[in-house]
Each structure stands twice: as structure tokens, then as C-alpha cells.
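Step one of this worksheet: look at the structure below.
None of the figures in this text is laboratory data; all of them are computed from the coordinates on show. As the structure is a computational prediction, the values presented were derived from the model and not from experiment. Virtual Cβ from ideal backbone geometry, glycine too; neighbours counted across all protein chains shown.
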Amino acid sequence: MKPFISGLATATQFDPVDSSEGSLDPLGVSQIAGEIATAIGSDGVRERQSNLRFLTICCVGWEVIAGFTDESEESVGGDPNATLEQCVEWIVVEALTSLSTQDKEFNLQGLPGSTKALSAIARGLHLNADRYLRTASVFGFFGVYRTLAEYLELVNTDSQSRPILCESGVRLLEAWRKECKLPGFGHDREGQGQTEYKNVVETLQKTWASGEVIANKETFKFIQKYLRHDAVCGKGEALELKRVITDHGQEDADTNRREVLSALSKSDVKTLLQSKGTSHEFQFHKIILPTASAKLKLLIEAAQHYEAFITALQGIFDDLLYALSEKPSLVEIATIAKTISELDSRVTQVPSLFQRARSALSKLDQTNLNQIEREFTDRFHEFSERHDGIQFLCRLLTHHEAFQRGKSREGKAPWIEHHGDKIAVRLRYKRTERALISGQYLRPYRMWPLYNFLESVKEIHAPKS
């Protein structure tokens with residue numbers, strides 16, 4: 001590693017100036033938590049998801065893409081990286097954002113890219129790749145909801161051709177057509193809605209050719225009337241959305257999700273989540289544990305014991321960052337260890353927390369997580385034995401450095417630079433206050449998105465005729 005200058009580390013081979021820092025999950029605790037969350041019933045669910053209405057919007061978008069003519073399909077405005085889905089997103093987001101400038105009661109919250117769209121509209125510009133989300137394929141609404149749509153078998157994107165709606169996707173789209181009284185909206189249909197469909201397809205084609213949204217008044221009015229993300233069109237669509245999220249599949253994860261959704265609909269749980277939010281998922285697990293099925297109970301207990309272990313690790317790591325942040329330069333590990341509150345008593349608890357987590361995870365061999373105990377042991381085995389505070393910090397730093405460098409082919413720089421028996425926190429990871437972790441999970445288990453799904457299908461909005 002390169003030496004320190006004025007107490008701050010310079011860039012190393014693992015810290016190139018033009019690369020991302022790998023500035024999340026410094027101890028590598030997320031993967032196992034994610035596997036447990038998936039098994040509990042959130043397969044396909046992501047924390048950024050909050051509104052099932054986007055599944056309908058995506059299905060409508062895929063139907064529009066199906067009507068796009070092949071002749072001009074080369075690259076959008078000369079940009080080989082843009083996609084038809086992104087063009088649809090530009091149009092939908094600009095149309096809905098434009099509505100918010102006219103209707104103050106319309107709520108933009110939850111619409112990906114709306115902040116960028118507001119900025120563009122204020123400057124009299126239209127959305128394009130440069131004026132939209134930098135990683136639209138991940139953070140746009142297609143990117144956020146595609147995984148769930150695929151898992152729920154609403155759409156098939158495996159083929160090299162365009163996405164194809166599956167039976168459930170066709171049913172959802174048909175429910176939407178019926179609610180909107182647009183039976184002809186589609187690439188192979190006739191009747192009311194066909195004119196609207198052709199208008200949207202034409203807008204997509206012109207947008208694709210030009211590389212930015214070509215605003216069409218009729219298309220915008222259609223989107224603002226029928227594709228608002230803040231409300232479901234009617235009972236038929238709401239019931240179809242609820243059916244697809246609750247009745248899909250026969251796998252263990254599907255059964256667990258149905259059980260979790262049932263629990264989420266109970267009044268005491270609803271009150272808890274409405275008042276506390278994501279930070280109190282552990283309380284939700286605690287509430288449903290006594291009545292949970294045998295398999296779900298094992299998963300919840302695994303989450304609880306795993307969280308107890310990783311919270312202990314993260315708490316010590318965060319306190320180390322805070323203690324180092326108060327030092328102007330390199331400091332000996334032995335010296336900084338003395339400043340961390342109750343370090344020796346805290347590290348003596350870690351091996352027992354490790355063993356409890358390992359035991360709880362080993363009981364999941366009867367589920368589809370039969371390898372998770374081995375993953376846990378391989379990743380955290382160095383914390384299974386007792387050490388004093390200084391030894392523990394050395395092992396924690398070694399673990400952190402190894403995980404950071406394994407994040408990509410080039411590696412990511414550790415947050416704490418380690419030179420012999422001296423260490424220093426890098427500038428961007430300095431802490432001005434202690435990061436207190438108390439009474440909550442360290443990692444999300446996606447109960448909040450599932451709760452929001454149930455809430456979103458209850459918001460029935462009949463489009464005005």
C-alpha cells in the first residue's frame with residue numbers, strides 16, 4: 001500500500017480514482033441476510049419496491065413495445081446502450097411529472113426519475129439518457145420491478161426477442177383494459193383503445209428515433225389518466241394484483257410469503273409497521289414467531305440469531321471508525337482499542353453469538369438453504385474463537401480488507417488502512433458521531449415492501465370518464 005500523507009491515505013491499486021468505492025457492506029453480511037429474506041417469502045422482492053401498480057405499468061409498457069415496428073430498431077438516437085424499455089420510461093415519467101406541475105394534489109413520491117424529470121421540464125427540455133437516471137436499467141421502474149414480474153411469471157424476458165407477457169401478465173393487462181374500458185388497447189386488437197395504443201406506439205417510435213421524448217399531447221393525457229402510479233384503476237386490477245402476489249407458486253418461499261402476507265394484514269402488525277417502519281422488522285418477526293409454521297419459525301429464528309451476530313460485529317467496526325475519526329493520523333491498534341467502550345467484554349460475546357447463529361442456520365438444511373451454514377462458517381470462521389480486544393480488532397480488519405478486495409476483479413479499498421500495528425480511517429469514512437445499533441435489524445428482510453404491496457392494492461381509483 002502507498003504511504004500516508006498528512007495522516008490520510010492516498011489512492012492504492014485497490015482504490016482507483018475513477019472507480020466506485022464499494023462503500024456498502026464492509027463486513028460482507030448482506031448476502032446471507034438476503035438468502036434468508038428470500039426464503040422467508042420475498043423472492044423477487046426488493047427494498048425499492050413499494051407499489052404493485054408498477055407491475056401493471058410495466059405490462060402495459062411491454063404491450064406497447066410489442067407494437068414497435070422492426071424497421072427502425074437499431075439504436076435510440078445513436079445511443080447503442082439505450083433500450084426500448086428506457087424510452088417507455090422516459091415517456092411515462094415525463095408525462096406523470098408534467099401532471100404534477102398542473103395538479104398539485106398529484107403525488108410524485110415513489111416515481112423513479114421524477115426529480116430528474118422536474119429539472120428537465122423546468123429548463124424546457126425533454127427526457128433522454130443524459131437527463132434521466134444514470135443507471136436506468138437498475139433504478140428505473142422496469143429495472144426495479146422486472147425481477148418481481150419475472151418471478152411472478154407475468155413476463156418472460158429470457159428470449160433474445162422482446163419480453164413476452166405470460167398468462168398471468170395477460171390476465172393483469174386484460175383486467176386493466178376492462179377497468180379502463182379500453183378493450184382494443186394492444187398490438188393485435190380492435191375496438192375502443194386501439195387509437196390510444198397507436199398514439200403511444202407512435203410516440204415510442206419517434207422517441208426512439210430522436211433519442212429524447214417527443215411529447216405527444218394525446219399520449220401524455222392517456223398516461224396521466226390511466227397509468228398513474230399513485231392509484232390502481234379499479235377493483236378488477238387490484239384483485240388481479242393481489243392474486244398474483246399471494247397465490248403464485250407452490251414452493252416453500254411462496255407458502256412462506258402467503259403466511260407472512262396474512263400476518264401483515266392483522267391489525268396489531270399493521271399498527272406496528274405504520275408507526276415504526278422498516279427499523280422494527282425484528283418486532284414483526286417476534287410477533288408472528290409463536291404462531292408461525294415450523295419452517296417459517298426456523299427461518300425467523302435463523303434471522304434473529306444471524307442478526308445478533310452481525311450486529312455485534314458491525315457495532316465494534318462502527319465504534320472503531322468513530323474512534324479513528326477523532327485521530328489526526330496513524331494510531332497504534334493497542335492505543336485505539338483502549339478508547340472503544342467495553343471492547344473486551346463485547347468481543348468475548350462474539351464466539352457464543354457465532355455458535356448460536358451457526359446452529360440456527362444448520363437447521364435450515366431441510367429447506368432450500370442447505371448450504372447456508374457452510375457459507376456462514378466459511379465467511380466468519382475467524383470469529384468462532386475467543387480473543388482479547390486487540391486480537392479481535394486485528395482479525396476484524398483482516399476480514400474487512402479481504403472482503404473489500406474480493407468485491408470485484410480490481411478490488412475495493414478498505415475503509416481503514418492498515419500499516420503494521422498502526423491504522424487510520426480513510427477520509428470519506430470518518431464518523432462525526434457513534435452509529436448506535438439498538439433494537440433493530442442490521443439488514444432488511446423486506447417485510448416493508450410486502451406490507452406496502454397489500455396497502456397499494458387497497459387504493460382503488462376509478463379513472464374519470
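Computed 3J(HN,Hα) for region 440-453, one whole-Hz value per residue from the Karplus formula 6.51 cos²θ - 1.76 cosθ + 1.60 where θ = phi - 60°, is 8, 6, 7, 10, x, 10, 6, 6, 5, x, 5, 4, 4, 4, glycine and proline marked x.
Residue by residue, region 236-241 carries 3J(HN,Hα) couplings of x, 5, 4, 5, 5, 5 Hz when phi is fed to the Karplus relation 6.51 cos²θ - 1.76 cosθ + 1.60 (θ = phi - 60°); x denotes Gly or Pro. For a straight C-alpha distance cut-off of 26 angstrom, the lysines reachable from Lys266 (same-chain residues fewer than eight places away being disregarded) are Lys235, Lys242, Lys276, Lys286, Lys295, Lys297, Lys458. Applying a DSSP loop filter and a limit of 15 other Cβ atoms within 10 Å to the trypsin sites (Lys or Arg not before Pro) in region 77-148 leaves Lys104, Arg123, Arg134. May I ask for the distance between the Cα centers of region 277-307 and region 400-414, given as a whole number of Å? Between the Cα centres of region 277-307 and region 400-414 lies a distance of 32 Å.
Can you find, among Leu133, Leu397, Ser265, the residue sitting farthest towards the positive end of the charge dipole of the chain, where Lys and Arg contribute +1 and Asp and Glu -1 at Cβ? Farthest towards the positive pole: Ser265.
Simple point charges give the picture: +1 on the Cβ of Lys and Arg, -1 on the Cβ of Asp and Glu, and for region 53-231 a dipole about the Cα centre of about 700 debye. Taking the Cα centre of the chain as origin and assigning +1 to Lys and Arg Cβ atoms and -1 to Asp and Glu Cβ atoms, the resulting dipole is close to 1180 debye. Across the options Leu289, Thr348, Val331, the greatest Cα extent toward the positive end of the charge dipole of region 235-394 (unit charges at beta carbon of Lys, Arg, Asp, Glu) belongs to Leu289. Under 19 Å of direct C-alpha separation, and excluding same-chain neighbours fewer than eight residues apart, Lys116 reaches these aspartates and glutamates: Glu85, Glu89, Glu94, Asp103, Asp130, Glu212, Asp230.
Looking at the chain alone, DSSP beta bridges between its own residues are antiparallel in about 90 percent of cases.
Three principal axis extents of the chain based on alpha-carbon atoms, in descending order, are 77, 55, 42 Å. What angle do you read, to the nearest 10 degrees and between 0 and 90, between the alpha-carbon axis of helix 294-325 and the longest principal axis of the chain? Tilt relative to the chain: about 60 degrees.
Size estimate for region 355-439 follows the Kirkwood approach: the inverse of mean 1/r over distinct Cα pairs works out to 15.5 Å. Rounded to the nearest 10 degrees, the angle from helix 343-362 to the longest Cα principal axis of the chain is 50 degrees. In plain terms, the chain is cut at each of the GluC sites (Glu not before Pro) found in a DSSP loop with at most 16 other Cβ atoms within 10 Å, and the longest leftover piece is 252-325. Within the straight-line cut-off of under 24 Å between alpha carbons, the lysines reachable from Lys327 are Lys2, Lys338, Lys412, Lys422, Lys430, sequence neighbours fewer than 8 places apart in one chain being disregarded.
Kirkwood Rh over Cα pairs of region 53-231 into Stokes-Einstein at 20 °C, 1.002 mPa s: D in µm²/s? Answer from the Stokes-Einstein relation: 132 µm²/s.
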